[in-house]
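Input: one structure, supplied below.
Where a number appears in this text, it was derived from the coordinates with a stated rule and is not lab data. Owing to the predicted nature of the structure, the values given are computational and were not obtained by experimental measurement. Backbone-built Cβ (ideal geometry, glycine too); neighbour counts: all protein chains shown.
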Amino acid sequence: MKVGAILSMSGVYSTLGPAQKKALTMGVEALNRTGFTVVGKRRTLEIAYADDRSDPATTGVTALRDMSQAQRLPVIAYGLGSATYVPQLKRRPVAMINILDSSHPSVITGNPHLSLTRGGSPTYVPGCLYYAKRRLDTKKISIITAKGEPYGEGLTQLVRESARAEGITIGASSEYPLGATDYSNAINTAVAAEPDAIYLSSVTGVILPVLKQVRQSG
């Protein structure tokens, strides 16, 4: 039995794809040691991989169409890009299992063909502000967001809501273009507000360079 997986093996999200592929490979190897039964027939599992190059809207959609239409794979796992794939599933439904996305507002509630393997952003963002208030005595924060990145923008929306609920002031909210290498303008705006903490809104691979420059700024 063959299924598909569209992962970000290269590009800005390449810190995610290789680790996801390794985890999938380990799972398949463990599963295939015993095999499994479908409608009374013994099966093993095989995964066909595609690299979306961190660009679900073009490369990812091309891979999805190939897997669902040409290869006719019954299930496709993927790392990122739920908002992009939903319109495609409306035209040609196929079961898709998301490994990492937790976009807000959620895109899976209106599409029965999408499933998440982790909780959505509302399950953990409020906890960050709760912790900041009670453990770090945070009274004011600044937010730095990767502009044009749905996950990061969704996090920022939730951080604003959670900060309001916790009574935490937002000193500044700044943005930088996704794919940028110089974050000084966004950092300077955030730091100038003299916050107790800074929230970086995006996935790990995107915010690590920002975090490095934040630390270098003092």
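Over 32 Å between C-alpha atoms is what I'm after, so list which of Lys22/Lys212; Lys22/Lys140; Lys90/Lys133; Lys2/Lys212; Lys140/Lys212; Lys21/Lys140 land there.
Lys22/Lys140; Lys90/Lys133; Lys2/Lys212; Lys21/Lys140
Right, something else. Who wins for biggest fluctuation among Gly27, Gly154, Gly79 in a Gaussian network model of the chain, springs between alpha carbons below 10 Å?
Gly27
Hey, another quick one. Would you compute, from DSSP H runs of 4+ residues alone, the mean residue ellipticity of the chain at 222 nm, taking -39500 (n - 2.57) per run and dividing by the full residue count, rounded to the nearest 500?
Calculated mean residue ellipticity at 222 nm is -12000 deg cm²/dmol.
Amide H of Val75: which non-local residues (sequence gap of 5 or more, or other chain) have their own amide H closer than 5 Å, using H built in the peptide plane?
Gly4
Let me ask something else about it. Any chance you could check the Cα centroid distance between region 19-51 and region 72-121 for me, in angstrom?
When both Cα centres are located, 20 Å separates them.
Only Cα pairs within less than 10 Å get springs; with that Gaussian network setup on the chain, which residue of Arg134, Arg53, Arg72 has the largest fluctuation?
Comparing Arg134, Arg53, Arg72 in a Gaussian network model of the chain, the most mobile one is Arg134.
Express the relative contact order of region 124-217 as a whole percentage, based on alpha carbon pairs under 8 Å and six or more residues apart in sequence.
36 percent
In a Debye calculation with equal point scatterers on the alpha-carbon sites of the chain and no solvent, what is log10 I(q)/I(0) at q = 0.09, 0.13, 0.15 Å⁻¹?
With no solvent term, the Cα-only Debye profile gives -0.43, -0.81, -0.99.
Sticking with this structure for a sec: Whole number please: convex hull volume per residue of the Cα set in region 124-217, in Å³?
84 Å³
Relative contact order of the chain, please, whole-number percent, based on alpha carbon pairs below 8 angstrom and at least 6 residues apart.
Here the relative contact order equals 17 percent.
Dipole of the chain (Lys/Arg Cβ +1, Asp/Glu Cβ -1, origin at the Cα centre): which of Pro56, Ala180, Ser201 lies farthest to the positive side?
Pro56
Which length gain, in nm to one decimal place, applies between Met26 and Ala180 when the Cα-Cα distance is subtracted from 0.36 nm times their residue separation?
52.0 nm
Considering the dipole of region 2-118 built from charges on the beta carbon (Lys and Arg +1, Asp and Glu -1) around the Cα centre, which of His113, Thr37, Gln71 is farthest to its positive end?
Value computed over the given set: Thr37.
Based on Cα positions only, what radius of gyration and what Dmax would you give for region 19-127, in angstroms?
15.0, 46
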